[in-house]
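Step one of this worksheet: look at the structure below.
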Amino acid sequence: MQRERAARSSSPRADPEGRSSPLTVTPQKRGPLAPRWPTGSGFGYLVTFGGFAALVLALSLAGVVHRGAPTVFLLFAGAVGVLVVGAGRAVARREEPWRSSRKFVLLVLLAVVPVLFDPGTVEGFNLPKYTVVAIGSFVLALLWILDWLRHRRFPEWRNGLTWPVLGLLGWTAVTTATSLDPRLSLLGDYRSYDGLYSAVAFTVLFFAIAESFALRDVKNAVSVLYFGAGGLVVLYGLMQLHDRTWSGPDWDWVDWGESLTFAKGSSIWSTFGNPNHLAGFLAMLLPIGLVLLLLHQAWWIRGLIVAMTAALMVELLQTSTRGAWLASIIAVILLVGLLRPRLHRRRRLAVSIMGLAVVAVLAAGQAFGSIGAVDQLASTFDFSGESTAAQRASFWKAAVSMANERPLVGVGPEGYATLSPRYDTRPANGPHNLFMNYLANQGYPGLLLFSTLLLFAGARTITAMKRLRRLEGSNDPSEARAAREARLILAALAAALAAYVVQASFNVQQIGLTFAFWALLGLIVVVTRAPIGAPLPADLIPRHRGTNLRTEAIAVLLSAIALFGFARLVSAPYRADRSYRAALTENAAARSAAARAEPVDRAAGRELVNRSIRNLKRAIALNPWEPTYLALLGQAKARAARGLPPGSPPQLQALAEARKAYEGATKMAPRDATLLHRYATILLEIDRVDSYEAATGSARRSAVAALRRAVRSSPLDKRFLQELKRVVAEPGTQ
């Protein structure tokens with residue numbers, strides 16, 4: 001207590017190392033949390049961006065980069081890079097090197113993760129995002145270790161949500177160990193990657209944000225998320241929107257092929273691969289943009305926010321995602337409620353913002369025929385017939401049934417998709433509800449732990465809002481101004497978090513959205529735990545304990561080696577998926593060549609099949625835990641066998657290899673009814689062409705066993721039962 005009183009009474013409100021108190025600054029025209037643009041030397045950033053722009057234009061003229069939309073996107077990406085560098089310099093000022101490094105890594109992740117996609121993979125959206133999040137979390141962990149070597153003390157990780165977050169992670173580990181499919185629960189389902197590994201990465205991300213950032217850094221983090229990631233997401237969405245609204249050359253330079261047939265020609269998905277995910281992210285950005293509009297004073301920054309908000313709302317309406325619409329409405333209502341006193345004092349600006357929202361909605365409705373959006377929004381709660389609400393209710397009912405069978409530990413992370421055919425005639429990749437997802441996969445304790453985490457975060461937010469509102473009446477103008485602006489930032493974060501929870505109540509989980517949730521949660525912790533006007537006591541400030549240069553150099557070298565090894569390991573699924581994409585392309589070309597039935601085409605088709613098999617084997621070597629790759633290898637081997645003379649040794653060899661591949665796939669995914677059915681088809685084909693197998697009946701018996709497992713896994717799908725009856729009825733079946 002004596003230290004705190006002495007610190008508060010110190011005349012220059014700064015700590016012994018010269019750092020300002022998070023909520024106390026010298027009087028200035030601009031508030032202490034109001035973001036500056038750019039931070040630092042504007043001329044230096046202008047020169048940096050000019051050099052990058054010149055390089056991009058030169059590559060465009062040389063034909064290395066496609067002209068038009070790709071060039072524009074790269075130029076905007078360069079501007080985002082300049083923003084991240086400026087924000088990194090701002091948050092690193094007067095900080096220890098390893099702490100500054102953690103802040104910079106976090107800013108890069110905030111700008112990059114929501115934007116990442118790679119059309120060169122089959123899963124071009126979740127997998128690249130997951131890979132970068134995993135590598136980024138490992139980098140943060142290494143920086144913690146290096147910080148410990150320098151100061152001989154671990155960073156302060158207690159943040160108010162420590163035990164709820166660790167409890168949820170611990171229970172995820174328990175349910176993974178007791179999962180019906182531990183392999184699946186570790187990495188996650190293909191195209192989802194929402195297993196234990198991602199849970200560990202997001203927990204590290206949360207603790208790094210809560211520990212590394214100070215209140216004065218939140219403005220930069222929020223700006224990077226909104227202007228950096230949000231700006232690029234909105235820009236790419238506008239390019240796709242142009243292609244679906246106006247005729248002429250496409251602005252979306254990516255040939256998505258058949259991977260997005262559910263959305264092509266009807267909606268946009270930007271960098272998220274699904275209109276529902278894109279709309280969910282836009283709903284989270286909306287309240288952040290409205291608060292930044294209140295904070296910024298520069299007219300051109302306000303103009304940029306107005307343009308982004310208008311484009312954001314147009315894209316949000318075009319996706320026709322009713323869950324995200326509802327999330328946006330609730331987020332704005334919550335934001336208005338939290339900022340009511342502030343908006344009352346600035347009525348003109350508040351009316352302008354609401355007018356902007358109304359104009360954007362009407363313009364989008366006129367452009368896309370969405371004036372009937374109220375009726376569409378009301379249909380969110382229409383549970384009759386075959387409506388999407390009725391489908392979701394069916395998914396939720398299946399989740400409850402799974403949880404009731406294993407109430408303590410659930411079916412294991414990512415287990416819902418595999419088991420849903422047992423409970424629903426419309427199998428899904430998830431229950432389309434965040435809470436039902438925890439209930440089915442982690443049982444009632446998992447649901448309770450996640451709900452507790454949200455309640456703790458809400459309680460801390462409410463307490464901090466009350467405290468900041470009291471501080472707005474402080475006699476110190478600087479402190480009062482800081483409290484007002486901190487309350488604005490906290491209101492934006494809370495509204496964005498509420499938008500995530502609401503949209504996730506009607507949506508499946510996606511790495512980009514989950515990343516944004518944990519990042520926002522960490523930033524909320526930073527704001528709610530900020531000291532009020534008191535500098536840190538001198539003995540709480542980390543000091544260099546005299547580690548010699550040689551020790552630190554060795555530690556850095558070992559960390560670099562560890563990072564390289566980890567990056568190679570964690571990126572293996574990503575690199576495998578690139579080979580898988582090449583195999584699929586060659587497989588499709590082989591089918592097309594076989595359909596023409598010309599001798600030259602047949603020879604080219606066989607070569608394509610062989611190349612496809614080589615790529616598949618490379619994918620399997622990189623990621624041997626993925627049954628999808630083995631299944632396609634079995635399919636390719638079976639197709640190659642059909643082009644060989646019946647009963648010949650080469651054909652029998654190819655069929656044996658197909659059988660082995662399907663056996664491996666069914667061992668890794670023993671409850672996949674479709675995979676079991678394909679395996680049975682190969683076994684019956686072997687029974688027809690292999691005289692030895694036909695005489696012993698071994699392949700036919702294995703086929704019957706596989707079909708029976710398929711029926712048990714998917715009892716509501718009558719196709720598998722009918723196929724089983726047909727095979728059993730054939731002569732010679734035992």
| Which whole number in µm²/s is D for segment 43-169 by Stokes-Einstein, with the Kirkwood Rh taken over Cα pairs at 25 °C and 0.890 mPa s? | 141
| said: Need the C-alpha centroid separation for segment 480-495 versus segment 164-210, integer Å. | reply: 32
| field | Calculated Rg and Dmax of segment 568-698 using C-alpha coordinates, Å | value | 15.3, 48
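Please state, as a whole number in µm²/s, the translational diffusion coefficient that the Stokes-Einstein equation yields for segment 48-95 at 25 °C and 0.890 mPa s, with Rh defined as the Kirkwood radius across alpha carbon pairs.
Values: Rh = 11.6 Å.
It diffuses with D of about 211 µm²/s by this estimate.
Normalised radius of gyration for segment 616-661, please: alpha carbon Rg relative to 2.2 N^0.38 Å, two decimal places. Could the numbers behind the result be given before it?
On the way: Rg = 11.3 Å, N = 46, 2.2 N^0.38 = 9.4 Å.
My calculation over the Cα atoms of segment 616-661 gives 1.20.
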| J(HN,Hα) series, segment 420-436, from Karplus relation 6.51 cos²θ - 1.76 cosθ + 1.60, nearest Hz, glycine and proline x | 4, x, 6, 10, 8, 6, 10, x, 9, 7, x, x, 6, 6, 4, 6, 5
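Here are some pairs, K103/K219; K637/K660; K660/K718; K103/K129; K129/K219; K617/K660; which of them have Cα atoms lying more than 21 Å apart in this structure?
Details: K103/K219 13 Å; K637/K660 10 Å; K660/K718 27 Å; K103/K129 19 Å; K129/K219 24 Å; K617/K660 13 Å.
Listed pairs above 21 Å: K660/K718; K129/K219.
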| query | Which distance in Å, rounded to a whole number, links the C-alpha centroids of segment 417-445 and segment 568-588? | reply | 28
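With a cap of 11 neighbouring Cβ atoms within 10 Å, and only residues DSSP puts in a loop, list the GluC sites (Glu not before Pro) found in segment 81-178. Could the numbers behind the result be given before it?
Details: sites: E95, E123, E156; in loops: E95, E123, E156.
Sites meeting the loop and neighbour criteria: E156.
So between A58 and R467, what do we pick up on full extension, going 0.36 nm a residue minus the alpha carbon distance?
Once the chain is fully extended between A58 and R467, it gains 141.8 nm.
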| field | Sites A553 and A173 - FRET efficiency at Förster radius 35 Å, r taken between beta-carbons, to 0.05 | value | 0.50
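With r as the distance between the Cβ atoms of Y444 and Q722 and R0 = 41 Å, compute the FRET efficiency 1/(1 + (r/R0)^6) and round to 0.05.
Details: r = 38 Å, r/R0 = 0.92.
After rounding to 0.05, the efficiency reads 0.65.
No value in this document is a laboratory result; all are computed from the given coordinates. Please read these numbers as outputs of a predicted model, since none were measured by experiment. Here Cβ is always computed from backbone atoms with ideal geometry, including for glycine, and neighbour counts include all displayed protein chains.
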